[in-house]
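Student: My questions all concern the structure below.
Laboratory data are not the source of any read-out in this text; all were calculated from the coordinates shown. Everything quoted here is computed from the prediction, not taken from an experiment. Reconstructed Cβ throughout: ideal geometry from the backbone, glycine too, with neighbour counts over all protein chains shown.
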Amino acid sequence: MNKVLVLSAGFGNGHNAAAFNIRDGLEAVSEDVRVEVLDLFKLCYGKKNDLVKKLFLGIVQYAPKVWEGMYSVLDRTSVVEKHLGRLTKLRQTLHDLLKTTEPDAVVCTYPAYNYVIADIYRNHRERPFALITVVTDSITVNSVWHGAPADAYIVANDPTAEVMRRAGVPAEKLHVLGFPVSPRFQMLAEQRNGDAESPKADDAKRVFYIIHHGKKKAGRIIEELLEIPELRLTITCGTDAELKGRLIERTRRWEDRVEVLGWTNRMPDFLASSHLVITKAGGAIVQEAIAAGCPLLVNQIIPGQEEGNARLVELLGIGAVAKEDADLTKLVRDAFAAHGRQWRAWRKAIQQHSRPDASLRIAEFILQECQPGDPDDGERLVRLPTLEKPAPPASFHVARPTKPLLCDFHTHTNYSDGKLTVAELVDFYGRRGFDCLCITDHIAERKRLVGKLANLSNLTLPWNQVAEYLDVIEQEKKRAWRRYGMVLMAGLEFNKDGLSKKSSTHLLGIDLKGPISPDLGMKKLIAAIHLQGGLAVASHPHEGKSLWGRDTLFLWENQDEFAPLLDAWEIANRDDLYNPVGLKRLPFLANSDFHKPSHIYSWKTMLNCEKHPEAIKQCIRDNRNISILLYRDALNAADAPMPVFIEPPAEQMLLPLRREKLRAAQA
């Protein structure tokens, strides 16, 4: 079994995107690999790291000239080396991590780790692992990327490789394998039968507009774009709920030609189905557009690293850079003029440089580097053989466990008002040894006033993204089982909020297979959940003390009518324990109502049944062999646990270093 440690940081989207796509690529090409992605800056420095990230993003957005100067200073590697001594906590953590996990390869998508690793191995033994740097910038490559040694540098394109060669990086260490985009780009490329034709005069012209900065001007730009006949515009506003609400209202008269989204996880699908994308010159998004074969119009450039990305667009002839916002509409018109002559030229060029399978190619390269080198070459130590364990079962159905199943059936992601993505939530629970997790993001009724207001925010899942949400969870199910031996279910929390607590209710739909309209009446909604084989559970049905929102008492006030229809009632939610549910002898569950890492310390459900979705649901329906507990662990939930690269199922919490220190302190 090969063990790969991928080190990243949250300073810009490109580093983390590359890291997680490399993980997905490795797991796609080999069943004999264990991968861990860690942000040691977040792990070691917590809130200080968050503050620095906010400061960085603020400077980049509001003071780009200041960042340009800082970028120039960072280009002198002596600055990085000079301040390395201040990262003592990160150095010690990385030292302990390498000693404990003994990886075969360490992959860095953020350059600072190379300096720390060089310092750790400065005065003694040789590195017992391959060290690979994945450069996430193009052309304007800061010298910090290659100022510390690595065995190999992976770059996205030939112009970037040439820049690094001129900077002194040996040619034999440079590998042009593309940018590690999601493996989904390769799947979409295989699904496309032949080349997409240029849109004709009367065809729909599909433009994907990603709004980053310059939000005040976005409305005017959108109106100008919609003056182009047959234009179909998809807009994503990220997490800016206020902007999303404004644009929905402003584009209502074109609603048959406009789709306004908040944050989305379907970037590969939108890029693959669009003729053009309007975006800033971010490292990840430019490379994703190239992988999807979607020509670009760049409307924003952050000085420094993004200048190279914009230069790449022009150098390869795969789009254009708008000098001013007013140029965007003209560039779009020109692209589709004369039967799409300009668009066809961009499209032909971008296909020549598209590498949708880059993460898979990079994964194969990393696995080759994991093999021990020749003992005589002095470059790599020969490792002890790793004991193999049996592969996980092909299906979910496994033997009756020797211990109860630890479950949480009420959690939220950033599709509604949670802090973590779907993948991050899976990792968070999987690393803590949970056996079953159901993701139940909020979806609001669209007819009531409160629901209409909620749908204009980012607090609920928009109806037009439900299919995407369910698809993302479906993709994560296989990884959750393969990596952690954890059953993952898709669900929704249906918010039916009135103007009073007695007219409000929240209903959990657990293990859903497809979208269900939140506008259905309560009885029809429960029937629709059951029709899909799911569970209908009353969420926080009684008065609570720890809830930040309004109590939802409708189902409780009408329990005689609804108790025969519901599969269970939450007897505990977060820190609240609802004694009346127990006194009524109603079937029960206990859940965390998870929104952020600290919510892991809350009520959970224990089931004594087979680890299989149908067995789990039947155990809840029967309400036998079920118990609840207040979950605690030895780790601050805001921190990421240390990896130990174990085979699934992950029966124990993966906290070896923290627990050793805790025991030593207690002794």
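Student: Among 610-617, 166-173, 326-333, 305-312, how do they line up by average Cβ neighbours within 10 Å per residue, starting with the highest?
Tutor: 305-312, 610-617, 326-333, 166-173
Student: Still on this structure, I have one more. How many percent of all Cα-Cα pairs in the range 197-353 sit more than 24 Å apart?
Tutor: 27 percent
Student: What are the ³J(HN,Hα) values, in whole Hz, obtained from phi via the Karplus relation 6.51 cos²θ - 1.76 cosθ + 1.60 with θ = phi - 60°, for each residue of the range 4-15 in sequence order, with x given for Gly and Pro?
Tutor: 10, 10, 10, 10, 9, 7, x, 8, x, 6, x, 5
Student: Could you give me the ³J(HN,Hα) list for the range 226-240, computed from phi with Karplus coefficients 6.51, -1.76, 1.60 and θ = phi - 60°, whole Hz, x at Gly and Pro?
Tutor: 6, 6, 6, x, 6, 6, 10, 10, 10, 10, 10, 9, x, 9, 7
Student: Give the peptides 9-16, 622-629 in descending order of average Cβ contacts within 10 Å, highest first.
Tutor: The densest-packed peptide leads the list: 9-16, 622-629.
Student: Find out how many positive minus negative residues lie around PRO183, taking Lys and Arg as positive, Asp and Glu as negative, among other residues whose Cβ is under 10 Å from that of PRO183. Working shown, then result.
Tutor: Working: positive: ARG184; negative: ASP24, GLU27, ASP357.
For residues surrounding PRO183, the net value is -2.
Student: By the scheme Lys and Arg +1, Asp and Glu -1, what is the net charge of all other residues having a beta-carbon under 13 Å from that of LEU630?
Tutor: Once positives and negatives cancel, what remains is -1.
Student: Please order THR93, THR88 by the number of other Cβ within 10 Å, starting at the fewest.
Tutor: Placing the least packed residue first, the sequence is THR88, THR93.
Student: Ranked highest first by the average count of other Cβ atoms within 10 Å around their residues, in what order do 575-586, 528-539 fall?
Tutor: Answer by packing, highest mean first, reads 528-539, 575-586.
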